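Accompanying notes for the structure given below.
The values are calculated or read from the model by the stated rules, or taken from the named source; none is laboratory data. In this text the structure is predicted, and so the values were computed from the model without any measurement. Using ideal geometry, Cβ is built from the backbone for each residue, glycine included, and neighbour counts are taken over all protein chains shown. Side chains included, ligands, DNA and RNA excluded: accessible areas come from the protein's heavy atoms. Shrake-Rupley method; radii C 1.70, N 1.55, O 1.52, S 1.80 Å.
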Amino acid sequence: MRLKDLPVFFFDLQTTGAKPGAANILEMAWALSDLSEARSHLVAQPDDQPVPKRILSLTGIRSEELESAKPLPQVFEILYSEISDRPAVIHFAQFEKPFLAASFEALNLREFPVICTHAIAKRLFPNLPAKGIKGLAGYFGHAAGEFKRGHSHVEATQVIWKHLLDELEKQHIMTLEDLNLWLNQEAPKKTKYEYPMPKEKRLNLPKVPGVYRYLSQWGEILYVGKATSLHDRVNSYFRGQKGRDSFKLEMLTQSYDLIVTPCRTPLEAALLETDEIKRHNPRYNISLKAGERSLVFFSRDFLSMSPEQDEQHFIGPFSNALVFDSILKLNASLRTEDQTFDPNMFYEPLDSNLLKAGFEIFCARHQESMQTFKSMRSIFALGLYFVKNAAPEESTEEEDLSEQETETDTPETEDIEVELTAEDIADKFERHFMRAAQAYLRARKLTKLLNSDIEYALSSKGPRYVLHFRNGQLIEDSPTDEVTSSSRRWQDSSVVTYDRMAVLLSELERVRSKKGYYSLI
C-alpha cells in the first residue's frame, strides 16, 4: 500500500515532566488520517502529585479543566477503540516512546508501531535550520500560532506528514517498507544552513538605520527588530553554523520575506520598533511586548496605588508595583509599635533582629535616627543624596529596578550558603534607598519627555534633528501649543506610551554617552 493511502493516526502527549516515573501523562491527543478533526483527553493525576504551575502555564491547561480529567486506562480504551491497527505518526517520537512503553507495560496494552516525522525531516532536509514541530510546520506554511495543547501539535503533525509524503515520493519512497529501509540507511551529513528566504532580499539592504520585520509564508510578522545598519544587522542572523540560538533558527526556518523601514537615526528606529512590536505582537519578540503589564502610580504618602494617574495618585509612572517594595516594608516596620522588621523585606526571608541591627548601623553611618525614616520623603531625600554623590558606574538609570537582588550569583559562591552580617544588611539598605531614588528620578524624566520638543545630534558636528511629542505621541508637524507644567500629565496611562518614553529616554542618554547632544527646546 502506498504511504499516501496508508491509514495512520496522528498522536501527541503532554506530560508533567521529561521522563516516565518522575512524570505522568497529562493529556493525550490524536486524529485519524481520514478524519480531519483532532480530539484530546486530559488524564487524571494522582492525588499526591499535583500538576506543577510551570507545566500548566506551558500547556495552557487550566486547573478547573483537570476536574473532568479521565483515568489513564479509560483514555487508552477510547484511543484503541478508534485506531484499530493503524501506526502512529508522531513528531519527535523519542519523547513519547518512553511514556508509551511504560503505559503498555503497566496496563498490559498492545503496542502500536510509530513513525517519527522528525527523523524523516532530518534526512529529507539536513540543512534546514530547525526541524522541531513549530519550525517545520511554519516552513510548510502552517499558521498555528501558539503550540500548547496536544490538539495543536496533532494538527501541525498532520500538515508536516502531508508535505513529507510529497518529498518522499520525489525520492521514490512509496511504501512503509521503502520508508523503513530508507531510515535504516546512513543519514546524509549536514553541511550549511539553507534558509527559505531568498538571499537577495537581505544582501541588497541599505546600510542605514531602520526597522526590519521577518514574515512567514502566510504574512504573519514573526519578529520586529531595530538596526543601526539594516544590511549588517539582518545579515548577521544568517552567519555561522555552530552555537546558534535555537529560538532564532526556528524563526528563520519560517521566514520567507522581509519588510524594512529606513529611519533617519538609530534613535528613531528604536521608537518605531517599540510601536511596531505593540502593533503586531510578534511571536518571536520577547522584550517590549505589552502582554498583561500595567503601570503604577502612587499617592503622595505611597500608601495607595492606581493603574492610572489621578488627583490622588500622581507620582509615577512605574512599570512594577514592587519597585518600592523594600522601602515601603521598611517604612511600615518603623511605624509599628514595637518596630518589628518584616522578614521578607529583601525578597528572601531574613531574621527580623538581623534586619533591625543592620538598619541601626545604616542610620549610624549617616547620622540619622531610625524615627527619621517613618517619613517616605526622608527615605527619598537620603536616596537622592546617594544618587547625587555616587560614582558614575553606580548610578546607571537603565538598571532593571524590578529585578530581584541576589547576593551569591558568582560561579565561586553559587552553591555556598553565605551568612549575612548586620554590615551586609546596612549595605543592602543603601542600595535599596538609591534604587528607589533612581526609579523616582526616572519617572520624573519620563514625565518631562511626555510633552516635549527635543533637538538632538549624533555628534558635535553632525546634523541636528528635532522631535515633537504630545501626550507621549510623536507628531510630525511643529506644534503650536507651548509645553507647560500643567501638560506634564499622563492622560494616556498605557504601557505603549510608557515604553515609548522609556525607549526615548534610553536612546537620548545613549546619544549623550557617545559624544552626541540633546536638549529640550
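Considering (1) within 31 Å of the chain's Cα centre (by Cα); (2) open to solvent by 30 Å² or more (accessible area, probe 1.4 Å); (3) touching a residue at least 24 places away in the same chain (Cβ under 8 Å), the lone condition that P129 does not fulfil carries the number (2). Going by what's in this entry, would L441 be described as surrounded by fewer than 19 Cβ atoms within 10 Å (Cβ to Cβ) and under 21 Å from S299 (Cβ atoms)? So L441 passes the test. Condition test on V234, is it of a type outside the set (S, T, N, Q) and under 19 Å from N285 (Cβ atoms)? The answer is yes for V234. Scanning segment 172-186 finds one or more residues that are among the charged types (D, E, K, R), modelled with pLDDT under 95 and over 30 Å from T16 (Cβ atoms). Within the span defined as segment 284-303, one or more residues are open to solvent by 70 Å² or more (accessible area, probe 1.4 Å) and touching a strand residue (DSSP E or B) at 6+ places or on another chain (Cβ under 8 Å).
A single member of V224, V154, V159 is closer than 16 Å to T253 by Cβ and aliphatic (A, V, I, L, M), and it is V159. Please verify whether F314 is part of a helix (DSSP H, G or I), surrounded by fewer than 21 Cβ atoms within 10 Å (Cβ to Cβ) and out of contact with any Leu (no Cβ under 7 Å at 6 or more places or on another chain), treating the condition exactly as stated. Here the answer is no, as F314 does not meet what is asked. Of all residues in segment 446-464, those being touching a residue at least 40 places away in the same chain (Cβ under 8 Å) and crowded, with 16+ Cβ neighbours inside 10 Å number 10. Number of residues in segment 484-509 that are touching a Ser or Thr at 6+ places or on another chain (Cβ under 6 Å) and either modelled with pLDDT under 80 or surrounded by 20 or more Cβ atoms within 10 Å (Cβ to Cβ) (or both) equals 3. Hey, does segment 245-257 have a residue that's modelled with pLDDT under 95 and of a type outside the set (F, W, Y)? Looking for residues that are modelled with pLDDT under 95 and of a type outside the set (F, W, Y), one finds at least one in segment 245-257, hence yes.
Of the candidates R279, R244, the single residue that is over 18 Å from the mean Cα position of the chain (by Cα) and of a type in the set (D, E, K, R) is R244.
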